[in-house]
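Chemist: Dropping a structure here in structure tokens format, bear with me for questions.
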Amino acid sequence: MKCLESEIAISGSLLTGSKAAVAALVTLIFSALAYRLKAVTRSGAVAGAMVSFAIYVSAGVGAFAALVSLFLIAITTTRAGYSRKQQRGTAESSQGRSASQIVANVGIAALATVLFAITQHSIFLVAAAAALAEAAADTASSEIGEATSGQARLITSFEVVPAGTDGGITLWGTLAGAMASLLIAGCCLVLQLISRSSFFLVSIAGILGMLLDSILGAVLERRQVLNNDMVNLLGTSTAALIALVLHHLCL
């Protein structure tokens, strides 16, 4: 019996090690590809590899696929109307997003998946999905808004401001952000990270987090109380928290 238990333990360890090795290989390739496409800087690639590895190991290939979906939304919307954004001075760096930007956008999702791995409570997958949905919504709303219009309105006062102004929103940008949140929630549903009943909660949390991000940008970032990374981190954190609260109240 002891021999059998030892064999089972060794087998389990080998499976765990094999999973980690596969996760490391896949996430390294993913990060290298992102760097090659100039979607991230060198530091961003390192941070991305660490965050995506944590997500893959903690919640499986489905969670990693959801992260890839966010990446595709981000790179697509960032490159939409890029020349116009360059002319207006609102374009992202041609070298891609930095380590701090990566952590600000997907760090909370990674933390939530780690908590899932520790507790095995699926509620943390809902929180992770909401954080990814908010990151996608915020990126899409900003990038599409700047690509489609030279003007925006402050979310707090509706004052007309140049596109790219902290706290500025546009109709097309907001619609794109809402669609991005729905897309990530849909991906998470298809990948069986969340249930059907959680789909709308995640979508709503992502959209509300996006709007809060704009409010923080208008109130605090414009006054240089917070920088953009801090605002993004608060946005994803709030979306995750909203999803947790809504899940507790509604399900």
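Chemist: Restricting attention to the stretch 143-186, report how many residues are under 23 Å from the mean Cα position of the chain (by Cα), part of a strand (DSSP E or B) and farther than 24 Å from L201 by Cα.
Modeler: 1
Chemist: Just for the stretch 81-109: of the residues that are in contact (Cβ under 8 Å) with a residue 60 or more places away in the chain, buried (at least 16 other Cβ atoms within 10 Å of the Cβ) and of a type in the set (G, A, S), which one is farthest from V126 (Cα to Cα)?
Modeler: Filtering first and then ranking leaves G81.
Chemist: Hey, another quick one. Go through the stretch 77-122 and count every residue that is assigned to a helix (DSSP H, G or I), of a type in the set (K, R) and either touching a strand residue (DSSP E or B) at 6+ places or on another chain (Cβ under 9 Å) or on the phi > 0 side of the Ramachandran plot (or both). Give the derivation first.
Modeler: At the first step, the residues of the stretch 77-122 found to be assigned to a helix (DSSP H, G or I) are 77-79, 82-88, 99-119.
Pick out the ones that are also of a type in the set (K, R) and you get 79, 84-85, 88.
Now narrow it down to the ones that are either touching a strand residue (DSSP E or B) at 6+ places or on another chain (Cβ under 9 Å) or on the phi > 0 side of the Ramachandran plot (or both): 88.
Final tally of qualifying residues: 1.
Chemist: Against the condition in a helix (DSSP H, G or I) and over 15 Å from D138 (Cβ atoms), how does V225 come out, does it pass?
Modeler: When the stated conditions are applied, V225 does not pass them.
Chemist: Please find, among S181, S122, S142, S203, the residue that is surrounded by fewer than 20 Cβ atoms within 10 Å (Cβ to Cβ) and among the small types (G, A, S).
Modeler: Only one candidate passes the filter, namely S122.
Chemist: Go through (1) closer than 23 Å to P162 by Cα; (2) in contact (Cβ under 8 Å) with a residue 60 or more places away in the chain one by one and return the number of the condition L226 breaks.
Modeler: Against the list (1) closer than 23 Å to P162 by Cα; (2) in contact (Cβ under 8 Å) with a residue 60 or more places away in the chain, L226 comes up short only on (2).
Chemist: With the requirement that a residue be surrounded by fewer than 17 Cβ atoms within 10 Å (Cβ to Cβ), of a type outside the set (A, V, I, L, M, F, W, C) and either within 18 Å of T113 (Cβ to Cβ) or free of Cβ contacts under 8 Å to residues at least 24 places away in the same chain (or both), what does the stretch 188-200 give you?
Modeler: Passing the criteria: Q192, S195, R196.
Chemist: Let me ask you something else. Confirm whether S52 is at pLDDT 95 or above, crowded, with 21+ Cβ neighbours inside 10 Å and in a helix (DSSP H, G or I).
Modeler: In short, yes.
The values are calculated or read from the model by the stated rules, or taken from the named source; none is laboratory data. Everything quoted here is computed from the prediction, not taken from an experiment. Heads up, the Cβs are rebuilt from the backbone with ideal geometry, glycines too, and the neighbour counts pull from every protein chain shown.
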